[in-house]
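Take a look at the structure set out below.
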């Protein structure tokens, strides 16, 4: 296969993954604002789609640099590795969407990259420093989301302790700002993971002399994830907005503000985190701050179990996909 054909295949898979990521993770951003009746679904999804599109332009591309240069050693990066990683992540995102399970697209893509790279070049393919950086971000961020949701909810309740019921109107309107901030941070983190993969593809196929992320690549990835967000995932919105507990404006405001701060800090630092995990835990934290029994911990446990499975299953799924892809490329002269 010609380099142009391989690049086209890579871009199609990458943009499909970004679309599914936005479709999947758009629920994270809008679940509470819709469940608390602060905005209708169409308006909330349109607002967050625009903010997702602007995120990487406003907040930089540090996460893309991490994904592209700090996870897998350059000698282990081939077009077959990148295609298999994206294919496994797309399949996992689609299956979990059908089942209505909010999972981490970040874990899915990283698992696919690690699984394919290990078959390509063995354990030495993995850069331990970058892997630890990513593992730390992915493990610590959900805990920070839970704690932040708890603290923001407690602070908000204290500040509004003498407020009248009209405070709900203020909180509903304030969610427009917090949802926008959360969507900005989501776009600045999640869209960049695919940017890093595509920049690697451009380098491997000889279209660029060094690892670089041009503006048009940012626009493509951000636009794809924004389109997925605009179309939304109603199954996942129900899981996060209703399944954990009945969300009111104060919960939505607290969870959005808390998760937005955590994801924004990670984006600036270049740490690829799972927005699904951070938002879900922030919602749980906001509910637990009011009453521990308010949260349906069994539902949250099912979500956490799916998170734990995502990375290893996507790594395993990437192995046969990589082997098949390599055979196809060899037969096609790629």
Contact list, first residue from the stretch 162-176 and under 11 Å from residue 249 (Cβ atoms), second anywhere and assigned to a loop (DSSP other than H, G, I, E, B), beta-carbon distance below 6 Å, six or more apart or interchain, is 167/160; 172/38; 175/38
Residues satisfying the stated conditions in the stretch 289-302, i.e. in a helix (DSSP H, G or I) and in contact with a helix residue (DSSP H, G or I) (Cβ under 6 Å, 6 or more places away or on another chain)
289, 294, 299, 300
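Whether any residue in the stretch 131-149 is more than 20 Å from residue 265 (Cβ to Cβ), surrounded by fewer than 24 Cβ atoms within 10 Å (Cβ to Cβ) and touching a helix residue (DSSP H, G or I) at 6+ places or on another chain (Cβ under 9 Å) is what I want to check. Break it down stepwise before answering.
Filtering the stretch 131-149 for residues more than 20 Å from residue 265 (Cβ to Cβ) gives 131.
Checking which are surrounded by fewer than 24 Cβ atoms within 10 Å (Cβ to Cβ) leaves us with 131.
Right, trim to touching a helix residue (DSSP H, G or I) at 6+ places or on another chain (Cβ under 9 Å) and you get 131.
Yes, the stretch 131-149 has at least one match.
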Within the stretch 114-154, residues closer than 22 Å to residue 258 by Cα and either free of Cβ contacts under 8 Å to residues at least 12 places away in the same chain or in a loop (DSSP other than H, G, I, E, B) (or both) come out as 135, 139, 140
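If only one of 22, 111, 26 is touching a helix residue (DSSP H, G or I) at 6+ places or on another chain (Cβ under 9 Å), over 20 Å from residue 269 (Cα atoms), at pLDDT 85 or above and crowded, with 24+ Cβ neighbours inside 10 Å, which one is it? Give the derivation first.
Values: 22 fails: at pLDDT 85 or above; 26 fails: at pLDDT 85 or above.
The conditions single out 111.
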Out of 287, 301, 260, I need the residue that is crowded, with 24+ Cβ neighbours inside 10 Å and more than 17 Å from the chain's Cα centre (by Cα). Which one?
287
How about the stretch 29-43: which of its residues are surrounded by fewer than 20 Cβ atoms within 10 Å (Cβ to Cβ), assigned to a helix (DSSP H, G or I) and touching a residue at least 60 places away in the same chain (Cβ under 8 Å)?
41
Within the stretch 264-276, residues surrounded by 24 or more Cβ atoms within 10 Å (Cβ to Cβ) and over 17 Å from residue 229 (Cα atoms) come out as 266, 267, 272, 273
Somewhere in the stretch 232-250, is a residue closer than 23 Å to residue 83 by Cα and either under 15 Å from the mean Cα position of the chain (by Cα) or at pLDDT 80 or above (or both)?
no
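The values are calculated or read from the model by the stated rules, or taken from the named source; none is laboratory data. None of the values given here were measured: they were computed from a predicted structure. Because the Cβ atoms are built from the backbone with ideal geometry, glycine has one as well, and the counts that use them run over all protein chains shown.
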